[in-house]
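Presented below is the structure to which this report refers.
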Amino acid sequence: MEEQQNFLYEYTKFCLEQAQHGVDTLGTKLAGVMEISALLLLGLRVTSTFQIYVKPEQENLYFIYLSLKLSACVSLAIAIAFAVLGLYPRKVATTGLSPEVLMQKDGSLQAAITTTWMKQIEDLQAYKTERTAFLRKAMISLALGIAIASLATADAFMMAVSIGQ
C-alpha cells in the first residue's frame with residue numbers, strides 16, 4: 001500500500017510540473033505573438049507619404065490601400081488584445097494544506113499533498129485551456145493582419161509601378 005502511495009505521489013508531482021510547464025509555455029507563445037503584432041503595428045502607418053504622388057485617376061486605389069492598412073492595424077491590435085487577455089493572471093485556487101495536516105507524521109500527509117496537487121493540476125489544466133483559446137485567436141488575428149498588410153503592400157506596389165509609367 002505504501003509503495004502505491006509513493007508511486008501516486010511521484011506521478012502527481014510529475015503531472016503538476018508538466019501542467020505548470022504547459023501554462024508557462026503558452027505564456028511565452030502569447031508574449032511572442034504580442035511582440036510580433038506590436039512590432040508590425042508600429043511598422044504600419046495609416047497615412048502614407050506617397051499620397052502626393054498619387055494621380056487623380058488613382059484616388060480610389062489609394063483609398064483601398066489606406067483601407068487595407070487600417071484593417072491590418074485593427075487586426076494586429078485585436079491580436080495584441082487577445083494576447084494580453086491570455087496573459088492576464090488567473091485566480092489562484094486556495095488548495096493549500098492546513099498546518100494541522102502538515103504536522104501529521106503518518107502516511108496520510110503524503111495522501112493529503114497528493115490530493116492537493118490533483119486539485120491544482122485540474123485548475124492548471126482549465127487555465128491552460130483558456131490560454132490556448134486566446135493563443136489561437138491571437139494567432140488568427142496576427143495572420144489576418146499580415147495577410148491584409150501584404151495586400152496593402154501589393155496595392156502600393158501597383159500604384160508605384162503605374163506612377164513610373
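The values are calculated or read from the model by the stated rules, or taken from the named source; none is laboratory data. No experiment lies behind these values; they were computed from the predicted model shown. Because the Cβ atoms are built from the backbone with ideal geometry, glycine has one as well, and the counts that use them run over all protein chains shown. Surface areas here come from the heavy atoms of the whole protein model, side chains and all, with no ligands, DNA or RNA. Shrake-Rupley method; radii C 1.70, N 1.55, O 1.52, S 1.80 Å.
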Criterion violated by residue 89 - all others in (1) at pLDDT 70 or above; (2) over 17 Å from the mean Cα position of the chain (by Cα); (3) open to solvent by 80 Å² or more (accessible area, probe 1.4 Å) satisfied
(2)
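Each row is one residue, and each column tells you yes or no for (1) at pLDDT below 90; (2) over 18 Å from residue 12 (Cα atoms); (3) open to solvent by 50 Å² or more (accessible area, probe 1.4 Å); (4) more than 8 Å from the chain's Cα centre (by Cα).
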residue	(1), (2), (3), (4)
93	yes, no, no, yes
107	yes, no, no, yes
114	yes, no, no, yes
125	no, no, yes, yes
130	no, yes, yes, yes
139	no, yes, yes, no
Only one of 8, 44, 26, 66 is out of contact with any Asp or Glu (no Cβ under 9 Å at 6 or more places or on another chain) and at pLDDT 90 or above, namely 26
Among the residues of the range 47-63, write down those that are out of contact with any helix residue (DSSP H, G or I) (no Cβ under 9 Å at 6 or more places or on another chain), surrounded by 11 or more Cβ atoms within 10 Å (Cβ to Cβ) and modelled with pLDDT under 80.
59
